[in-house]
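The values are calculated or read from the model by the stated rules, or taken from the named source; none is laboratory data. In this text, all values refer to a predicted model and were calculated from it rather than measured experimentally. Counting neighbours? That spans all protein chains shown, and the Cβs are built from the backbone with ideal geometry, glycine included. We work out accessible area using only protein heavy atoms, side chains counted, and drop any ligands, DNA or RNA first. Shrake-Rupley method; radii C 1.70, N 1.55, O 1.52, S 1.80 Å.
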Amino acid sequence: HGADRCGALDGAPAVLLLRTSDLFSLPFPLTRPVVTSLSLQAAVRGWRFLLLPDAFPLAPRSPPSPHALWKAQNSLDKQRRTLMEQFGVKLEVLPDGQRRWHGCDKDTPRCFGTIHAQTPQYLLAGRWTPPCCLRALRVTARHVVAELEAAGVRYWLEGGSLLGAVRLGDIIPWDYDVDLGLYREDVPKCRWLAAVLTTGRPVEDPEGFFWEKAAEGEFFRVHFSRANRLHVDLWPFYVRPGGVMTKDTWLGHRQDVEFPESFLVPLVPVAFAGVAAKAPNDPRAFLELKFGPGVVESPEYPNPGVRRLAQDVDNEPPR
């Protein structure tokens, strides 16, 4: 009817007309702020609002005082934060392009619990990694890469992290950690890994990252913080006779296979999580050795027996 259709309403007075049955079919029909709450729930269902400009003019009011404006804005901000927490929204992209985060940070636990059968909780719910968790993984990966390079440690992207670099130049959007291989003989070159080896205890560096030996075997983990256990796994490899790279801990993952050292001589730079990280010199061949032919074009979740990527992908990523 010449009016605009909109997917969300926020920050302005509005009169919403909808069937009672539709309103009360929503899980949070009257949660405040009501317009924002209804917009989010309607968007999930694919509803759109028909805008009728000036259909319901507002009655004239006296301008509010500066104190009243401040008080109203504070109340609205508090309601919004509570609403985002209740809905599980981790990130808002505002109309001016700025971002408002509601998810985990260094002072909170990560947004998902213990991984079972290589499948995090969000995949079981048909979602991908929360944006705040991806942000923490990127920050941790950049920090670890910088520390290893400054120490002269020979390292490379492993497994799904290399697959993400080849496909996207970034972490795969459903991944829950970052994997790096490194030469076992170079481990003592990194002061934080050397401290873990010397003391047998975890070490927190000045930027709050938490370095430790993994409980599952002979490898290391670097966590985003003591509280937030999003992490980078560091896998020490060494050369066995015949020029084959091997390691001492195998967890039964698909990518847990030995490979020729020739993939690492030389290492090459690739874009990953906002930095240039090191990778095997033939990434495609390396990945196909680890995961099988066609993995770059047709990736899969870590444990397809629990959930497959095809269940969640239909031209649009899951939300």
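Some notes on this structure:
- For region 99-135, the tally of residues that are under 14 Å from the mean Cα position of the chain (by Cα) and part of a helix (DSSP H, G or I) stands at 8.
- Just one of the listed residues (215, 194) is open to solvent by 20 Å² or more (accessible area, probe 1.4 Å), of a type in the set (Gly, Ala, Ser) and assigned to a loop (DSSP other than H, G, I, E, B), namely 215.
- Residue count for region 114-132 under the criterion of being open to solvent by 40 Å² or more (accessible area, probe 1.4 Å) and touching a Leu at 6+ places or on another chain (Cβ under 7 Å): the result is 1.
- Given (1) modelled with pLDDT of 95 or more; (2) under 17 Å from residue 170 (Cβ atoms), index of the condition residue 317 fails: (1)
- Test: residue in region 153-163 that is over 20 Å from residue 249 (Cα atoms) and within 17 Å of the chain's Cα centre (by Cα): yes
- Residue in region 133-145 that is touching a helix residue (DSSP H, G or I) at 6+ places or on another chain (Cβ under 7 Å), more than 21 Å from residue 236 (Cα to Cα), of a type outside the set (D, E, K, R) and open to solvent by 20 Å² or more (accessible area, probe 1.4 Å) present: no
- Qualifying positions in region 148-164 - farther than 17 Å from residue 298 by Cβ and either of a type outside the set (Phe, Trp, Tyr) or open to solvent by 10 Å² or more (accessible area, probe 1.4 Å) (or both): 148, 149, 150, 151, 152, 153, 154, 157, 158, 161
- Filter pass, residue 167 being in the same structural domain as residue 282 (by the TED database), open to solvent by 10 Å² or more (accessible area, probe 1.4 Å) and outside any helix (DSSP H, G or I): no
- Any hit, region 200-208, residues being of a type in the set (A, V, I, L, M), open to solvent by 30 Å² or more (accessible area, probe 1.4 Å) and either under 28 Å from the mean Cα position of the chain (by Cα) or modelled with pLDDT of 95 or more (or both): no
- Residues of region 43-67 satisfying the condition of being among the small types (Gly, Ala, Ser) and at pLDDT 85 or above: 65
- If you go through region 284-304 and pick out every residue that is over 15 Å from residue 258 (Cα atoms) and not in a loop (DSSP other than H, G, I, E, B), you end up with 1.
- Residue count for region 91-104, restricted to those that are open to solvent by 60 Å² or more (accessible area, probe 1.4 Å) and touching a residue at least 12 places away in the same chain (Cβ under 8 Å): 1
- Flag for residue 196 being within 21 Å of residue 286 (Cα to Cα) and of a type in the set (Val, Ile, Thr): no
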